[in-house]
Structure formats: structure tokens, C-alpha cells
1. A 26 angstrom limit on the alpha carbon distance is what I want to check against. Which of Lys157/Lys418; Lys90/Lys221; Lys90/Lys132; Lys378/Lys410; Lys378/Lys408; Lys334/Lys362 exceed it?
2. Which angle between 0 and 90 degrees, to the nearest 10, do you get for helix 78-94 versus the longest principal axis of the chain when only C-alpha atoms count?
3. What residue among Asn55, Leu233, Thr392 has its Cα farthest toward the positive end of the dipole of the chain, where the charges are +1 on Lys, Arg and -1 on Asp, Glu, each on the Cβ?
4. Output the 0 to 90 degree angle, nearest 10, between the alpha-carbon long axis of helix 159-171 and the longest principal axis computed from the alpha carbons of the chain.
5. Pick out which of Tyr375, Tyr293, Tyr137 has the largest mean-square fluctuation in a Gaussian network model of the chain, springs linking Cα atoms closer than 10 Å.
6. Would you work out if the chain is rounded, prolate or oblate? Take a ≥ b ≥ c from the square roots of the eigenvalues of the alpha-carbon gyration tensor; rounded if a/c is under 1.5, else prolate when a/b is larger than b/c, oblate otherwise.
7. With a 1.4 Å probe and all protein chains kept in place, how do Asp264, Asp160 rank by accessible area, largest first?
8. Write down the accessible area per residue of segment 261-323 in Å², having rolled a 1.4 Å probe over the full set of protein chains.
Amino acid sequence: MKKRILITGLAFVSAISFGQKKEIKKAEKALKSNDFKEALAYLNEAEPLLGTVDNDMKAQFYATRGNALLGNGVATDYSNLKGAADAFAKALELDPKLESQLAASLQNLRAGLINGAIKDQNAGNFELATEKLYTSYTVSKDMDDLYFAAGNAVNAKDYDSSLKFYQMLLDAGYTGETKEFVATDKETGEVIPFETEQSRSLALKSGQYIKPEIRVTASRKGEILRNMTLIYLEQGDNDKATSVMKAAREENPDDIYLMRAEADMSYKMGDITRYNQIMNQIAATDPDNPEIYFNMGVASAELGDTDKALEHYNRALELKPDYEAALINIAVLKLSTEDALVEEMNSLGNSRADNIRYDELKEQRADIYRATVPYLTKAMELNPNNPDVVRTLMNIYGQLADDANYQKMKAKLATLEK
């Protein structure tokens, strides 16, 4: 009797399995007709007894569900995309051999998630962009998706997630470096990248391109470490920030990106002396970079070393004559030297000697104004809509009794402030 009951039980399970398979087949047929709603209905009928079937059928169930949620490959609803990602992940976990069968679907899914993330990012919805990019990573395992998810998490001020993602990148040895196969267009002289070495070889045979080269894109490791240290500093955890940077520099002491990251960290922590030391090292490796000299000028100014700051700003201008920020900062430094003159002028009495000294100081002050005008004028030419520059010029012309230029700047300022 017991044996008969057992056989009956086995027959019952077999019938359930057959029913499951039948519903999945119906769902697959509905997919071929692009009837995704009907496909999901069949799958929902099969799901309650999914635990009674083998892994192969379970994997096929989840693969079919993923395709039904994805729709025809252009689904934009995030809940469907997330559901499809979870279903595909489950299917591949149960049967890794399905990867080739699902390749096109996975590619369409990733495209939908990334395109959606780009729109969210451009709209300032960084939190949702983070979710979509991380979901894409869980399916594609492409570390670039995780890198961009971390960046959006930073913008969303979700520092815990960004630190988690950055640490995952570091643990995986991610640098973001890629090889680019490039060649030069003979007619234009432009360096053109090609997707593969083979496509470049074909282009070279056409005779239109010359000078084939392999170009390696810049490493992102320094940026990752810099962001991690700045996040730790933002969270008030200076010890972790210092620890992360110390370990990274010991591993790669000559890495220019890490040097920049440590410089940023030192500046954020208020260690301007250390910042300047590192920036000088960086300048030695990249002597024609105006941004480096500008930043060194800012740091020197904060240390109160006006002469050194001016030296750095002027070097930045030599390398980039239209560097608006450098022009403005030079003007600010020059104008700051009038404070001591004004203080002494205000302390003088009415004696003949005091009056002579007052006139001397007044002329020195006018010299400062005259020396400042060219920098501010150039800055205004580069950016005519900066009211602070126009206002400063107006005040200077007023002090120099240059009424024509004073009235000109006054009218321009009134227009800008409307």
C-alpha cells in the first residue's frame, strides 16, 4: 500500500512539471508574437510551483521572464528593466550556458539602462542614474558601469554607496585604461580612433590613413582614490583618508594621478605646505600645464606668499594667455597690497611732512590701480558678462578720476544687473 501511494505521489509531481513546462512554452510562443503581457500571464501561472522543477527548467523560466519584461528590447520603464535584470541574473546563476542564448537580450537591457541613466544624469536625477548603472553592472559585469555608478552616487551625496563601489573597483584592479587603435588622416592631419585593430588595418590599406599607433587612455585610479579621500574628509574621517592615500602612494610613488589626489587631500585638510610640495613635484613632470601653476598660485596666496603666487599665475598666463581666472586672481593680489597703503594714509596727521607722505602713498595707490587695469580689462574681454570685474573696473576708474571710463563701466554694470 505504501509503495502504491509513493508511485501516485511521483506521478503527481510529474504532472506538475509537465504543466510548468507547458506554461513556459506558451509564454515563449507569446514572446515570438510580441505579446509580452500574455507571456507574463502564463509565467505568473507557472511561478507558484516553480520549486518542484529542475534547475534547467527554472533557468528557462527566468530567461523567458527577463525577455517578457524587457519587451522588444526598447523598454524604458525602470521597474521592468530592473525586473528583467534580476530574472536574467537568476537564469545565468542556474545555468551559465544560457549566456550565449541571452547575449542579444543582455545587450538590449544594458543599452536601455545606460540610456536611461544618461537622461537621469542630465536631468540631475543622480540617485536614479546610480541605480540604473549599478543594475547594468550586475548584468554586464562591466566595471565601467560600476565606475559611472560611483560617480553618480557622489553627485547624489550617497557617499556610502560611492565608497562601496569605488572599493569594489580597487579590489578588482580597475584602472579604466583602454587601448585605442589610431591612425592619421592624410588630408586633414586628424588622428582618428578605430574600434578594432582589424578595422584600422583595412583603413590603412585604403591609403587614406597613415601613422598607425596604439594610444592608451589615462588611468582613472587617481580620480577614484582622490574621490575616496575627499569623501572620507567630508565625513570627518581624516585617518581613513590618509590611510587610503598612503597605501596608494607607496604602491605607485610616481603615479601622477595619485600625486594629484594627494595634493587635493592635503589642500582639503589645510596642509598647504604639503600641497605646495606635491604640486611642485607634479609641475616637474608636466611643466607646460597652466592649471598646475594656477593651483599653485592659489595655494601660495593662501600661505600669504604674494610674490610666489604672482610668479605662478604669470607662468599660467604664459602657457595660456586667455586664462580668465589667472587674470582675475592677479588683479585681486595686486589690489590687496593697497590695504597697507590705506592704513598708513589714514594714520597720517596734517603736518607738511604728513601731507607729502600722503601724496606719495596716494600715487603709489594709483600705480597699483593702473597696474591692475590691464588684467581686468583682458578678463572682461574674455567674459563681458562678469559683473564683479565690471564693478571693480568702475571703482578703479573712479579712484583714478577717469570719468569717461567710469561712466562706461557704470552703464555696462547697470545693464548686467537688470
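1. Result: Lys157/Lys418; Lys90/Lys221 exceed 26 Å.
2. 60 degrees
3. Result: Asn55, furthest along the dipole toward the positive end.
4. For 159-171 against the chain, the angle is about 70 degrees.
5. Of Tyr375, Tyr293, Tyr137, the most mobile in the Gaussian network model is Tyr375.
6. Verdict is prolate for the chain.
7. The most accessible residue leads, giving Asp160, Asp264.
8. With the other protein chains kept in place, segment 261-323 gives 48 Å² per residue.
The values are calculated or read from the model by the stated rules, or taken from the named source; none is laboratory data. These figures come from a predicted structure and were not determined experimentally. Neighbour counts are summed over all protein chains in view; Cβ atoms, including those assigned to glycine, are modelled from backbone coordinates with ideal geometry. Each accessible area value is taken on the protein alone, full model and side chains, heavy atoms only, with ligands, DNA and RNA left out. Shrake-Rupley method; radii C 1.70, N 1.55, O 1.52, S 1.80 Å.
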